[in-house]
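Computed from the coordinates by the stated procedures, all read-outs in this text should not be read as laboratory data. Since this is a predicted model, take the numbers as computed values, not measurements. As a convention, Cβ positions derive from the backbone with ideal geometry for all residues, glycine included, and neighbour counts pool all protein chains shown.
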2 protein chains.
Amino acid sequence: MTIYITYETMKSEFARILANLGFSERKADLCSEIFAVNSLDGIYSHGVNRFPTFITYIKNGYVKPEAEPGLIKSLGSLEQWNGNLGPGPLNGLFATERAMELALKSGIGMVAIGNTNHWMRGGTYGWKAARKGFAFIGWTNTEANMPAWGAKDFRIGNNPLVFAVPFGKEAIVLDFAMSQFSYGKLEKYQLDGKSTPYPGGFNKDGKLTSVPGEIISTRRALPIGYWKGSGLSLMLDIMASVVAGGLSTYEISKQGAEYSLSQVFIAISLENLANRERIEAALNDIIKNFKESDPAEPGIEIRFPGENVVNTREENRKNGIPVNNGIWETILAL
Amino acid sequence: MTIYITYETMKSEFARILANLGFSERKADLCSEIFAVNSLDGIYSHGVNRFPTFITYIKNGYVKPEAEPGLIKSLGSLEQWNGNLGPGPLNGLFATERAMELALKSGIGMVAIGNTNHWMRGGTYGWKAARKGFAFIGWTNTEANMPAWGAKDFRIGNNPLVFAVPFGKEAIVLDFAMSQFSYGKLEKYQLDGKSTPYPGGFNKDGKLTSVPGEIISTRRALPIGYWKGSGLSLMLDIMASVVAGGLSTYEISKQGAEYSLSQVFIAISLENLANRERIEAALNDIIKNFKESDPAEPGIEIRFPGENVVNTREENRKNGIPVNNGIWETILAL
């Protein structure tokens, strides 16, 4: 059963639970806001639905509530940080803000952070930076959860990648994983008795399939763009772990639990660019042209990345955030 | 008929032609080297096979042989440059070198260049930076050559994206376009009477197809990862054109010829990182683990991006570079 919870109620429940686990008032507030906003924006998998797992990770000691990131080395516009196993969303916010500070000084700022934790929704950091007027590129590695192209055992991560730019009062935010469909999505399709809308992996005969159960059983989910997404996953993992001096997907996977990840946060300051006055008009033209695409089927609306989020946000603000009754009861009991 | 041309002969033929078109000795040497190395590395489509088109662009005035890039604005670690319609490969080399200089000073350097031209093979700049010890991220926009997801007319570019890192004496270099297969590849499959190895676009009924002729006729080539590659193409175009202050895919396409592109070159200095001594060992572990993947079918070798290039390079160095007889005669007559 789906129930509807207001943003305020959800956030204060999260904050109550985090405070009980040793989060300071400020950190409980920040962290509960991230989980509640992700839910408000419709990214339930990395909001309310993920909250109980986040709590388990804290209880297991993988996530340290009061740990603060520590500077390892500054090279000027690039800094290496140790996340000290602090909460991923708090470390992620910190790294985004630090990258923006660096970008204000010299145009671009990059923070590479190792020994951090799952950042939940990558879009959080893209929206944050873009709303302050920065372009943003960021990514995280993960445990191995996908086979390399041509292989059948998990050796690469789905390593979500985020690109964001300011757009009027909102933003254009692309937040995507290197797997075509997450296991969460595949299980949802299976539960609903549906096929994936396009092939999402291989069946036991090594053929592409849209039957979610077949992909779940072979565990050969498709990287985006076949060999291209496999290569991109590898490069993102290498860059994050090498520059941060943190663990790679290979090393994370050896731990048996997904913690101590490596992440990259790059902010680009648009404020002082030579063509500042041109930016808004040029961007409007790009989006206008994009949206005026001739739809393949009548009635299809061509949407830019993040466009739906704004609508969902308004709807959930009005009607409450839809939550599975069981999940909400689990949370209330935490 | 395929003939085999030595690297040296190919390079000196290119240099002769470029010198006749007003390239200085230094620029003819640099530019002919890029086209010849791309061919040596097996990227014929952006080497010898593309050279006649490059010459046509010069003759049509889209590419200005002696134009030099000019600094528009420096923000410190981020610089905006005007390519002044100079040769794409020379502007690309310049921007890569400049990004590396900036990275040496403060860890990361970014050059955004507008009003430049087709960079030919993106890998050129990745290999260049990685061989000097830098991690590299770069991309270019293009004219519109692909429909946005859900659409049927060309509104987005295939916008190649490059990631590179040093690896021993060589490099790991990922160089890929946002379209699953280029039109060049589709035409080759069609000519050879073959299907694409995986679905590469839509047929007239809006279904995924592996028949190259069907894709060529609908012009609905597939973005990598379906909607994900469509979104990534849009973001790369926005970032390059906005930060460079150059033309977007939309604006380029209005010109009727593909010139005055926008590109981004980001170099990251690995030399002064805190974990410098760990980098090589960690990278070796990542690649070893990747290559030890369990192949989906016996005999498949799991290869990292750029691994094949090194083999092709050695082979072409030994046997000569394979060239279509007709293309070579066209070049000799230039």
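Below are the figures for this structure:
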| read-out | value |
| --- | --- |
| HN-Hα J in Hz across region B:128-145 - Karplus 6.51, -1.76, 1.60, θ = phi - 60°, x for Gly and Pro | 4, 5, 5, 5, 8, x, 9, 7, 9, 10, x, 7, 10, 8, 9, 5, 5, 9 |
| Convex hull (Cα only) mean projected area of region A:255-324, reported in nm² to one decimal | 10.4 nm² |
| Under the Karplus curve 6.51 cos²θ - 1.76 cosθ + 1.60, θ = phi - 60°, whole-Hz ³J(HN,Hα) for region B:297-308, x wherever Gly or Pro sits | 10, x, x, 6, 9, 7, 10, 8, x, x, 4, 5 |
| Trypsin sites (Lys or Arg not before Pro) restricted to region B:101-179 and DSSP loop, no more than 14 other C-beta within 10 Å | B:LYS169 |
| Innermost chain A residue relative to the axis carrying A onto B, by Cβ distance in angstrom | A:SER77, 2 |
| Pseudo-label separations to other copies for A:GLU329 - Cα-to-Cβ vector, 7 Å, nm | 8.2 |
| 16 Å Cα-Cα reach of A:LYS194 towards aspartates and glutamates, excluding residues that sit fewer than 8 places from it in its own chain | A:GLU214 |
| Helical mean residue ellipticity (222 nm; -39500 (n - 2.57) per DSSP H run of 4+; nearest 500) of the protein assembly as shown | -13500 deg cm²/dmol |
| Cα-based shape type of region A:31-83, given that a ≥ b ≥ c are square roots of the gyration tensor eigenvalues and the cut on a/c is 1.5 | oblate |
| B:GLY201 long-range amide H proximity, modeled H, under 5 Å | B:THR209, B:LEU222 |
| Loop-located GluC sites (Glu not before Pro) in region B:1-88 whose Cβ has at most 13 other Cβ within 10 Å (DSSP) | B:GLU66 |
| Percent breakdown of C-alpha pair distances by 10 Å bin, ordered from the shortest bin, for region B:1-156 | 10, 36, 34, 17, 3, 0 |
| Phi-based couplings in Hz for region B:200-206 (Karplus 6.51, -1.76, 1.60; Gly and Pro marked x) | x, x, 10, 8, 5, 8, x |
| Per-residue mean of C-beta atoms belonging to partner chains within 10 Å, peptide A:77-90 | 2 |
| For B:169-180, mean number of other protein chain Cβ atoms within 10 Å | 3 |
| DSSP-defined beta bridges in region B:21-141 - what % are antiparallel, rounded to 5 | 45 percent |
| Inter-centroid distance (Cα atoms) of region B:263-334 relative to region B:156-231, Å | 19 Å |
| Chain A - convex hull of the alpha-carbon atoms, volume per residue in Å³ | 150 Å³ |
| Over 29 Å (Cα to Cα) - which of A:LYS254/B:LYS105; A:LYS288/B:LYS204; A:LYS228/A:LYS254; A:LYS27/A:LYS73; A:LYS152/B:LYS207; A:LYS152/B:LYS152 fall in this group | A:LYS254/B:LYS105; A:LYS152/B:LYS152 |
| Nearest-first distances (nm) between copies at B:SER182, label 7 Å from Cα via Cβ | 3.5 |
| For q = 0.06, 0.08, 0.10, 0.12 Å⁻¹, Debye-computed log10 I/I(0) when each Cα of the protein assembly as shown counts as one equal scatterer | -0.32, -0.58, -0.93, -1.39 |
| Teacher prompt: A:GLY61 distances to equivalent labels in other copies, 7 Å Cα→Cβ, nm | 7.4 |
| Bins of 10 Å from zero: percent of alpha-carbon pairs in region A:180-222 | 38, 58, 4 |
